[in-house]
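Contents: one structure, followed by commentary.
The values are calculated or read from the model by the stated rules, or taken from the named source; none is laboratory data. Only a predicted model underlies this, so the values are computations on that prediction, with no experimental measurement involved. Note: ideal-geometry Cβ built from the backbone for every residue, glycine included; neighbour counts use all protein chains shown. For the accessible areas, the whole protein counts, side chains as well, though only heavy atoms, and no ligand, DNA or RNA atoms are used. Shrake-Rupley method; radii C 1.70, N 1.55, O 1.52, S 1.80 Å.
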Amino acid sequence: MKLLTRTVRNYILFSALLLLVSTPLFHFSIQGLFVHKMDQELLSHKDEFHELLPLLQTESDFEFFSKMNDELVLKESDDFIKSDTFLTESVYDEQESEVHPYRILRTGVVIRGKPYTLQIQESMVTTVELISAIVAIQVGIIGLLLAGFVIINRKLSSTVWQPFYTLLGRLKKYQIDRDNTIDLPPSSTDEFSDLGETISHLVKRNHEVYQNQKEFTENASHELQTPLAICRSKLELLAQTRELTQEQADLVVDLLAATNRIARLNKDLLLLSRIENRQFIEMEKIDLGAVVRNCLESYGKQEEEKGLTVKLSLNGESRIRANRVLLEVLINNVISNAFRHTPVGGTVTIEGRNLELFVNNSGEPLEHSEKIFHRFHRESRSTQGSGLGLSIVRKICEVGGYGVSYNYASSMHQLRISFVDEIGA
């Protein structure tokens with residue numbers, strides 16, 4: 001969810017909650033004020049009645065007073081009402097043939113020595129209509145404020161936030177191996193302006209670091225390969241010398257094996273460094289089955305020497321988008337690991353299903369299977385290897401977004417690789 005959408009949503013939810021809570025509170029508050037005002041008017045009418053009471057001496061006076069003041073009703077009462085009582089009742093209006101709410105004051109009076117109940121009532125129709133109109137106006141104003149808030153935020157998203165979205169889009173298209181700077185749009189907002197300057201500085205610095213690491217990798221590869229090649233060549237010539245004793249020949253063979261191992265180790269370390277620095281960025285559509293078959297062909301001699309049973313099963317043609325060099329290294333390392341660690345007379349099976357590759361080989365269970373992808377970890381020192389093969393596999397999978405997992409069941413080791421970027425057959 002976008003930042004602006006999240007912010008606007010929270011404001012809208014708060015405004016809606018405020019509207020739901022404030023509307024009834026506002027309604028009852030206004031209603032209470034009007035009722036209090038009407039009660040004051042009823043008490044004022046009561047005081048006016050008591051002021052006129054000395055002037056009402058005869059029954060005809062009372063009848064005339066009652067006809068002139070419909071809101072006042074006098075009734076004889078056996079029980080004298082000592083205190084004023086206020087209540088709201090619905091009364092049928094004969095003129096309009098409707099039931100209307102009335103605010104009523106009942107109090108006791110004594111006229112010519114007799115107790116009476118004085119009832120003073122005022123219609124609340126106008127009051128209710130006025131309260132409804134006020135509440136409707138309040139709801140309308142809040143609704144307009146809410147709508148205006150949404151419109152203003154949408155306007156801000158297309159003006160104030162536009163430099164941010166432009167900056168984000170250009171960052172997505174930035175390639176560290178090709179672009180040494182990034183062209184960011186100017187912004188009148190201080191925060192976005194500072195953000196653009198910081199990102200420009202960071203991009204420039206990262207590009208310089210990337211170039212330095214790339215140059216170091218290339219220089220290290222060149223500088224180390226040359227002396228290693230010379231050393232190996234000299235050792236091979238020394239091994240062909242006839243004057244060597246058996247002990248000296250064995251030492252030369254050991255030195256030659258160590259030199260070859262150093263060369264492989266150097267090659268694997270440089271490959272890991274290049275992968276981590278994202279130097280393999282060229283992507284293309286590749287047939288996964290074809291790569292597996294090509295890699296498997298180079299292990300025919302090892303298959304014969306160890307008497308292995310190799311089974312290959314590839315269902316259909318799976319085309320993925322990948323870097324060819326990294327994909328070939330990935331497949332080669334997985335197959336090489338299976339052939340190297342399968343005992344004599346064992347079985348290696350390679351199965352491809354859709355975008356998943358399963359490489360299985362027979363063997364004893366591992367003591368530390370959780371460390372299988374760690375650098376320089378080897379379960380057995382008897383096998384030749386740098387200890388980086390599966391580390392490179394894991395790193396390639398991380399870079400390519402693939403899944404890789406290890407499992408052991410039924411005396412079989414299984415490496416499973418899931419390629420998720422399908423292009424189509």
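Observations, loosely collected:
- The requirement of being aliphatic (A, V, I, L, M) and open to solvent by 40 Å² or more (accessible area, probe 1.4 Å) is not satisfied by residue 167.
- Here residue 142 does not qualify as open to solvent by less than 50 Å² (accessible area, probe 1.4 Å) and over 45 Å from the mean Cα position of the chain (by Cα).
- The listed residues are 74, 53, and the only one of them that is within 18 Å of residue 120 (Cβ to Cβ) and part of a strand (DSSP E or B) turns out to be 74.
- Counted residues, segment 156-178 - those being in a helix (DSSP H, G or I) and more than 30 Å from residue 282 (Cβ to Cβ): 7
- Residue 153 being in contact with a helix residue (DSSP H, G or I) (Cβ under 9 Å, 6 or more places away or on another chain), among the polar types (S, T, N, Q), part of a helix (DSSP H, G or I) and touching a residue at least 12 places away in the same chain (Cβ under 8 Å): yes
- For segment 333-359, the set of residues classified as within 18 Å of residue 407 (Cβ to Cβ), of a type in the set (Gly, Ala, Ser) and not in a loop (DSSP other than H, G, I, E, B) consists of 338, 352, listed by residue number.
- Residues within segment 289-332 that are in contact with a Lys or Arg (Cβ under 7 Å, 6 or more places away or on another chain) and either surrounded by 12 or more Cβ atoms within 10 Å (Cβ to Cβ) or part of a helix (DSSP H, G or I) (or both), tallied: 2
- Of all residue pairs spaced 6 or more apart or on separate chains, those with beta-carbon atoms under 7 Å, a first member in segment 120-145 that is closer than 25 Å to residue 107 by Cβ and a second member that is part of a strand (DSSP E or B) and among the charged types (D, E, K, R) are 121/103; 122/103; 124/103.
To keep it simple, each residue is scored yes or no on (1) modelled with pLDDT under 85; (2) out of contact with any helix residue (DSSP H, G or I) (no Cβ under 9 Å at 6 or more places or on another chain); (3) open to solvent by less than 80 Å² (accessible area, probe 1.4 Å); (4) not hydrophobic (A, V, I, L, M, F, W, C).
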site	(1), (2), (3), (4)
18	yes, no, no, no
47	no, yes, no, yes
64	yes, yes, no, no
69	yes, no, yes, yes
75	yes, yes, no, yes
81	yes, yes, yes, no
85	no, yes, yes, yes
104	no, no, yes, no
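- Condition broken by residue 226, with the remaining ones in (1) open to solvent by 80 Å² or more (accessible area, probe 1.4 Å); (2) under 52 Å from the mean Cα position of the chain (by Cα) satisfied: (1)
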